[in-house]
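Peer 1: Quick one: structure below, then a few questions.
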């Protein structure tokens, strides 16, 4: 009997423990569940704290208004790093405005155009904040990147023309604020590490830019064609600036080079026609191609000891440049007799345009790229005996080229420049309206006939194999016949030329004299005319790299359904192209297919969003320009 009682007691104990555990579980759930006691307490506390922050901000506005009756709440910005009123930075920040509120909440608040925004950390916070009337940031920010979207354009205050970037942004997306009407002022805080490509380009009213310490990278074309921008201060933390970043900023007269920067990049300040002097600071090591191209009022450049690489074409079309000062401590370059040269005299980088006869010094072995490309007055060129390499293209102002007989690498014939065995035509200088090319020529060098407006007819060499880039750019040639041996065409070889191709050519063909195709008809290799419309053959599956390069008359194009691939830079520099429609068979679009298409606001693609990677494929307007149909 006693054992039976013990057994019952043990069972009761186990049951009691189980019941207690169940009750404990219910109690924990009750205390922690979303709709239960602790959840409710947490919600109440959160809402109370946020309401207190909002109330303190209202009191701050009342206090400022009482001190200044002209105070405009809409001109106020406050974030972690700045307090700005009417585009003027004041002492303080968001913690000055909300000095009595709990910092853990204040960290996620920002005043933008006088409105208090909360940057919710999750959907629950967003819901609670909205329930008590707290505005939650409407901006599209993904992993710290402020995306190119119509919603984000609301960051601009239309009254003051200012944009202040939210404090939780670490990158301004590609094309995010391109071509925004009325934009006049930008403050980019140090919390932003990168300014994307084309981010602020094409804004003709932009006057003031503040880039604070902490920003590290400015992307290509970021401020291109901001024609009202007169000066800019770039933080010393910026170590990388992309190509053509300030290109065509025609009012820009003052700019600094940050201490962290090592390279002045490709076309960084091209066509900045208000620049008159440039003093490059110590620390810069490289000046890239066309860095100061068409800075037509530039008269003086000072180069420090640290520069070890200069592209001669860095100063192309700078007709007023007469003074290049080289630091005495620079061991790489010298400037003498109006020429920028290597210290040992073997390389010629740039020649100042001031004589009617250019005599290459006998020490020179290499004429570098750009050395003679922008000579601005009519001149005869005499090439000395030791020149082994000519990398430059030649200005159309060079009207005659003579090579001394004992030069082992080059020769001249009737003022035209060839290599020694005349298999390469390097530069045509004659003034005749027609030209019969020697049959020895197998290669036409880049820019060989460029901008020779007098020439109308050319009979090409029967042995011609290769036509390099811009070979006929700007010439008035209307008809060309390509023989059976041509195996290489640069996509930019021609400009408004009707092309006929031998039926025996195994590499290329054309059906209309305009669109040059691969022999199987599946790829557009080049287009020889600048037209408003193109009839793309049904056989074409691929639009080749740079096929539609600089087709400035093209405003709209619908690609046929058979197109599967669009290669890199396929529409590069088609600056008036506004709309592209792409059909559903497309399989691949290269990353920069639409680079420098400065007017392209619509890319309509018959795919689901994200089905083709890489959007916006180099389009300056970013994702704002991409419209998915499915």
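Peer 1: Tally the residues that are in a helix (DSSP H, G or I) and free of Cβ contacts under 8 Å to residues at least 60 places away in the same chain, restricting the search to the range 47-81.
Peer 2: Here is the first cut: in the range 47-81, the residues in a helix (DSSP H, G or I) are 47-67, 73-75.
Cutting the leftovers down to free of Cβ contacts under 8 Å to residues at least 60 places away in the same chain gives us 48-49, 52, 55-67, 73.
Selection size over the range 47-81: 17.
Peer 1: Now, a different point. What pairs can you find where one residue is in the range 446-465 and buried (at least 18 other Cβ atoms within 10 Å of the Cβ), the other is assigned to a strand (DSSP E or B), and their Cβ atoms are less than 6 Å apart, with a gap of 6+ or different chains?
Peer 2: 448/425; 448/427; 458/435
Peer 1: Here is a list of conditions, (1) touching a strand residue (DSSP E or B) at 6+ places or on another chain (Cβ under 9 Å); (2) over 25 Å from residue 424 (Cα atoms); (3) surrounded by fewer than 17 Cβ atoms within 10 Å (Cβ to Cβ), and residue 500 meets all of them except one; can you say which number that is?
Peer 2: All conditions pass for residue 500, except number (2).
Peer 1: Given the conditions (1) farther than 27 Å from residue 142 by Cα; (2) over 16 Å from the mean Cα position of the chain (by Cα); (3) free of Cβ contacts under 8 Å to residues at least 40 places away in the same chain, which single one is not true for residue 186?
Peer 2: (1)
Peer 1: Here are 109, 117: which of them is farther than 17 Å from residue 191 by Cα and modelled with pLDDT of 90 or more?
Peer 2: Being farther than 17 Å from residue 191 by Cα and modelled with pLDDT of 90 or more holds for just one of 109, 117, which is 117.
Peer 1: Let me ask something else. In the range 142-154, is there at least one residue being more than 30 Å from residue 596 (Cβ to Cβ) and outside any helix (DSSP H, G or I)?
Peer 2: Within the range 142-154, none of the residues are more than 30 Å from residue 596 (Cβ to Cβ) and outside any helix (DSSP H, G or I).
Peer 1: Please find, within the range 140-153, the residue that is surrounded by the most Cβ atoms within 10 Å (Cβ to Cβ) out of those that are more than 18 Å from residue 189 (Cα to Cα) and in contact (Cβ under 8 Å) with a residue 60 or more places away in the chain.
Peer 2: 148
Peer 1: Are any residues in the range 154-179 crowded, with 20+ Cβ neighbours inside 10 Å and either out of contact with any strand residue (DSSP E or B) (no Cβ under 7 Å at 6 or more places or on another chain) or without any contact (Cβ under 8 Å) to a residue 24 or more places away in the chain (or both), and if so, which ones?
Peer 2: Residues satisfying the conditions are 157, 174, 175, 178.
Peer 1: Can you name the residue in the range 259-271 that is crowded, with 19+ Cβ neighbours inside 10 Å and in contact with a strand residue (DSSP E or B) (Cβ under 8 Å, 6 or more places away or on another chain) and is also nearest to residue 228 (Cα to Cα) among such residues? Let's see the steps before the verdict.
Peer 2: Step one: of the range 259-271, the residues crowded, with 19+ Cβ neighbours inside 10 Å are 261, 264-271.
Narrowing further to those that are in contact with a strand residue (DSSP E or B) (Cβ under 8 Å, 6 or more places away or on another chain): 261, 264-265, 268-269.
Working: 261: 25, 264: 22, 265: 22, 268: 17, 269: 15 Å.
So, considering only residues that are crowded, with 19+ Cβ neighbours inside 10 Å and in contact with a strand residue (DSSP E or B) (Cβ under 8 Å, 6 or more places away or on another chain), the one nearest to residue 228 (Cα to Cα) is 269.
Peer 1: Right, another one. I'd like to check something: does the range 65-75 contain any residue that is touching a strand residue (DSSP E or B) at 6+ places or on another chain (Cβ under 6 Å) and either farther than 15 Å from residue 115 by Cβ or modelled with pLDDT under 90 (or both)?
Peer 2: First pass over the range 65-75, keeping only residues touching a strand residue (DSSP E or B) at 6+ places or on another chain (Cβ under 6 Å): 75.
Cutting the leftovers down to either farther than 15 Å from residue 115 by Cβ or modelled with pLDDT under 90 (or both) gives us 75.
Within the range 65-75, one or more residues are touching a strand residue (DSSP E or B) at 6+ places or on another chain (Cβ under 6 Å) and either farther than 15 Å from residue 115 by Cβ or modelled with pLDDT under 90 (or both).
Peer 1: Among the residues of the range 354-372, write down those that are in a loop (DSSP other than H, G, I, E, B), in contact (Cβ under 8 Å) with a residue 24 or more places away in the chain and surrounded by 22 or more Cβ atoms within 10 Å (Cβ to Cβ).
Peer 2: Of everything in the range 354-372, those that are in a loop (DSSP other than H, G, I, E, B), in contact (Cβ under 8 Å) with a residue 24 or more places away in the chain and surrounded by 22 or more Cβ atoms within 10 Å (Cβ to Cβ) turn out to be 360, 368, 370, 371, 372.
Peer 1: Being at pLDDT 95 or above and within 31 Å of the chain's Cα centre (by Cα) is the filter here, so list the residues in the range 352-367 that pass it.
Peer 2: 367
Peer 1: With the condition being farther than 25 Å from residue 375 by Cβ and more than 32 Å from the chain's Cα centre (by Cα), I'd like the strands (runs of 3 or more DSSP E) fully within the range 418-501 carrying at least 3 qualifying residues.
Peer 2: Those strands (runs of 3 or more DSSP E) span 479-482, 498-501.
The values are calculated or read from the model by the stated rules, or taken from the named source; none is laboratory data. Everything numeric in this text was worked out from a predicted model, so none of it was measured. Methodologically, a virtual Cβ is constructed for each residue, glycine included, from the backbone with ideal geometry; neighbour enumeration extends over all protein chains shown.
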